[in-house]
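Structure record follows, encoded as structure tokens.
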Amino acid sequence: MNSEMIERYVANELQGEEKILFEEKLKVDSKLKAEVEAYKAIVADLRTVQNQQLKERLIQLEKKSFHTESSTSNTKLFFLATTIALLSAISYFVYNKYFNPTPKQDLKIEQSLPTIQENPTPSADPIEKIDTSRLKQNQKNPPKIAIAEKQQNKDQDEQLYAVHFQPYQDDDLMSMTRSDGEQSNYEKFIALYLAKDYKNALISYNSIDESLRDSDNLLFLKANVLVMLGRVKEGRDLFEQIISNGESKYIEQAKHALNNLKNN
Amino acid sequence: MEAFDQLYSLYRNDFIKAAKYRFNSSREDDIVDAWQDAVISFYYQIKSGKLQSLSCTIKSFLYLIGFRILIKTYNYNSKHEPFDSFASENENLKYAYDMELLPELDEKQTLLNKKIVELPEQSRRMIMLRYVDGKSIAEIKNEMNYQSENAISVNLSRTLKKLKELIEQARNI
């Protein structure tokens, strides 16, 4: 049996009569059978081995790009900080010695502030002029790409807050759902909240009687629902409102939730 | 593979920051390890054709896999219930939540992993293309710029034989 035929069989490429003949040979040739089985075992494990090789590649990348980078950037930062400190000290000395005849005790805070001219004299250096105008323009109208990227990052972050936010749960809430008769909208809302069906919980919340709906305790649960539905900003605003009102029994929990969202 | 490296580096620092906050008892080594596995899993899903499009951001998808790995590592299941409730709202995130994570290497695979690096780079690449990516001899010939299909076929047979011998030798020691 030639080795290319064995390879094709292992690669599952033999078909029809070729395959039948090969498998008949396998039945009678135990040495061939053992060889094929050994190859098949190797091939079956190659996927996992490839994953491991990718892992080793990333470990190398990690060592090369991140560990070295941190030590290099620390060194760079140190030199940068030292340079800035030195330049500041020299500038201060030169300024005081040659350009600032006013005695220190007569200095007013306003005098030390730089004045900004409405129409500054054009700079002799065209590069400086271009850079300045670009800078000002960017301040007024940031590039659209930058805004879009910022917005996209914000959206992604909001999505992530919702993924990892832990909504408030306690035993008291369980007791609010106990009812012998038909459930009120309020009870439905609590039950849906506990069942983590936040979409329907919000629908149910909107059906609750207004007098109840605006209570800060219920608004606290609504804020949790909003965050879980990815409406993080609305949820965050509501937590802030509850804390500022100071009426809810969940103020500490609202602070905790807000803190979690801010820390993200 | 450049894109693979870039993807790893792009969100690596953000992931570490987020995971440190989320799993405040975690060591950075574990987080980096989880991030590596997440990127490899994602790569595998794309390469195998199991994942063909994304309706969420790549960042969210990768984060979810990475956090799943950390949850598994630290057995945090009960604390992270909201995880599945959110995942159920997005098809891709649900997929990331349910998909199979990278298996650990068993003894046999560890040995194969050690021995495979003893092969020439060309042979290694060839058997990966053939048996992992499922490419035909003709496709490998084009991809690796070989002159004849026969050369590929011979090389593959020899590589399999060599690997078998290396493994047997290691077992007999």
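Just so you know, all these numbers are worked out from the coordinates, no wet-lab data involved. Only a predicted model underlies this, so the values are computations on that prediction, with no experimental measurement involved. Backbone-built Cβ (ideal geometry, glycine too); neighbour counts: all protein chains shown.
List of remarks:
- Spin-label model, residue B:149 to residue A:183: label points 7 Å out along the Cα-to-beta-carbon direction sit 6.5 nm apart.
- In terms of its C-alpha gyration tensor, region B:5-77 has a prolate overall shape, because the principal axis ratio a/c (a ≥ b ≥ c, square roots of the eigenvalues) is not below 1.5 and a/b outweighs b/c.
- Here the Karplus curve 6.51 cos²θ - 1.76 cosθ + 1.60, taken at θ = phi - 60°, turns the phi angles of region A:254-259 into couplings of 5, 5, 4, 4, 4, 4 Hz, with x standing for Gly and Pro.
- Semi-axis lengths, Å, region A:163-263, gyration tensor of Cα atoms, sqrt of 5 times eigenvalues: 22, 14, 12
- Per-pair calculated FRET efficiency, R0 = 30 Å: residue A:81 and residue B:117 via Cβ, rounded to 0.05: 0.10
- Local electrostatic count, residue A:56, Cβ distance below 12 Å [Lys/Arg +1, Asp/Glu -1]: +3
- Using θ = phi - 60° and Karplus 6.51 cos²θ - 1.76 cosθ + 1.60, couplings along region A:237-253 (whole Hz; Gly, Pro as x): 4, 5, 4, 5, 4, 5, 5, 5, 5, x, 9, 7, 6, 9, 4, 4, 5
- Cβ-based net charge around residue B:133, under 11 Å, with every Lys or Arg adding one and every Asp or Glu removing one: +3
- Within region B:4-23: backbone nitrogen closer than 17 Å to the residue B:73 label point (7 Å, Cα to C-beta): B:8-9, B:11-23
- Potential lengthening between residue A:40 and residue A:255 on full extension [0.36 nm per residue; Cα-Cα distance subtracted]: 71.5 nm
- Shielding by partners for peptide B:101-113, expressed as the average number of C-beta atoms from other protein chains within 10 Å of each residue's C-beta, is 4.
- Per-residue average of Cβ from other chains inside 10 Å of B:121-130: 2
- Cβ-defined net charge surrounding residue B:103, 11 Å radius [Lys, Arg +1; Asp, Glu -1]: -4
- Normalising the average separation of contacting C-alpha pairs (under 8 angstrom, six or more residues apart) by the number of residues puts the relative contact order of region B:107-172 at 36 percent.
- Taking θ as phi - 60° and the Karplus parameters 6.51, -1.76 and 1.60, the scalar couplings of region A:187-195 work out to 5, 4, 4, 4, 4, 5, 4, 5, 7 Hz in sequence order, x denoting glycine and proline.
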